[in-house]
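Data first, discussion second: the structure below is written as structure tokens.
The values are calculated or read from the model by the stated rules, or taken from the named source; none is laboratory data. Bear in mind that the values here come from a model prediction, so they are computed numbers and not experimental data. Here the Cβ positions follow ideal geometry from the backbone for every residue, glycine too, while neighbour counts run over all protein chains shown. Areas reflect the complete protein model, heavy atoms only, side chains present, ligands, DNA and RNA absent. Shrake-Rupley method; radii C 1.70, N 1.55, O 1.52, S 1.80 Å.
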Amino acid sequence: MSAATAHWVQPSGALDFPYEVHPTEEVDLAGWVDEHPGVVDGWLARHGAVLFTGFAVDLVTFSRVATSVGGAALPYRERTTPRSELTPGVYTSTEYPPDQRIPLHNENAYQRCFPTRLVFCCLDAPHSGGTTPVADCRRVLARLAPATVAGFRDRGVRYLRSFGDGAGLSWPEAFGTANRDQVEAYCRQEAIDLHWRGAGGLHTAQVRPALLRHPHHRQEVWFNHVNLFHVSALDRSLADALTAQLGPDGMPLNVTYGDGTPIPADLVAEIRAAYDAEAVAVAWRPGDVLVVDNLLVAHGREPFTGPRRIVVSMAGRHCHDLGALPNPSAASPPATADAGGADR
């Protein structure tokens, strides 16, 4: 480590969460991180998220920066939202219309294994809005009623997805392949119960913990997608229309307790209120890089106007221990034969 260059990146004093740092000299961010290993890890361990501001990072240099601060990039599998891969391991942020808000969440918390670190970069800042709210999930957990937490801790969360009805992503988009055998192999590996429906439909169910104990400091955090998958996340008229068209078992996304018991809407409202109370808005400037410990910190997106372009790379890997959770097959709908005959 070079002591001579250590002071070239310093706290700005503007934000403690996320921890905001800026350059004091003209510096190559990826090179500086490589030269000072462990510094970013230490900041993340204390603060959960670090905002590098004032650095001239663009799409060309972002891959190096992301690898330096996060490690080797992961592919984006089991997608729930549309994204484009711009360069290997670098994706657009969720491609939802700009007037839509994306609620706070931990990336891929519904999966068996998920990234431990997210690296975002602003290529173009919006004209207005478009902040990325972040929230410490330890503090979110502390805001929830003990009875609410106990119910989720004991039963876990069952995530339901239906593909092939023209709503949401298709299963080839979600799994990154149109090969059924590959999808089935992936689902077996990741403890996902699946049923093919008709010529092009697929239903999946997976039970995951609702809480997570951080592998390093061992603190417990709120870690799930209940507020995103629950039907109350949809506009009421859209939810009613989809339910009437597809039925409750055909919704693109749905969620219950791990044993199949419905989750009351008032509990989901409590969860959303806890996220909102802990949210800190991060305003973007071109070249900014935000590094997030995905196990500690949730993120989202506010509506915006103008050409907001944020890219993201995901790295690291941590997996749930599923041993004590209910069996998703016990609560799943019956298998349906596909066009080729018996369910596979």
Tell me the residue from G48, G13 that is without any contact (Cβ under 8 Å) to a residue 12 or more places away in the chain and within 29 Å of the chain's Cα centre (by Cα), please. G13
Where residues in the stretch 60-77 are touching a Lys or Arg at 6+ places or on another chain (Cβ under 9 Å) and over 20 Å from E20 (Cβ atoms), which of them is most open to solvent (accessible area, probe 1.4 Å)? L74
Name the helices (runs of 4 or more DSSP H) wholly within the stretch 156-252 that hold at least 2 residues that are open to solvent by 30 Å² or more (accessible area, probe 1.4 Å) and either touching a helix residue (DSSP H, G or I) at 6+ places or on another chain (Cβ under 9 Å) or among the charged types (D, E, K, R) (or both)? 171-175, 180-189, 236-246
In the stretch 144-155, what residues are crowded, with 16+ Cβ neighbours inside 10 Å and part of a helix (DSSP H, G or I)? T148, V149, G151, F152, R155
Could you please let me know if R117 is within 26 Å of E278 (Cα to Cα) and either open to solvent by 40 Å² or more (accessible area, probe 1.4 Å) or without any contact (Cβ under 8 Å) to a residue 24 or more places away in the chain (or both)? yes
Restricting to the stretch 89-106, name every residue that is open to solvent by less than 10 Å² (accessible area, probe 1.4 Å) and within 14 Å of the chain's Cα centre (by Cα). Y91, L104, N106
Tell me, which strands (runs of 3 or more DSSP E) wholly within the stretch 1-108 include 1 or more residues that are aromatic (F, W, Y) and in contact with a helix residue (DSSP H, G or I) (Cβ under 8 Å, 6 or more places away or on another chain)? 19-23, 49-52
Residue check: is D259 surrounded by 13 or more Cβ atoms within 10 Å (Cβ to Cβ), under 30 Å from D136 (Cβ atoms) and in contact with a strand residue (DSSP E or B) (Cβ under 9 Å, 6 or more places away or on another chain)? yes
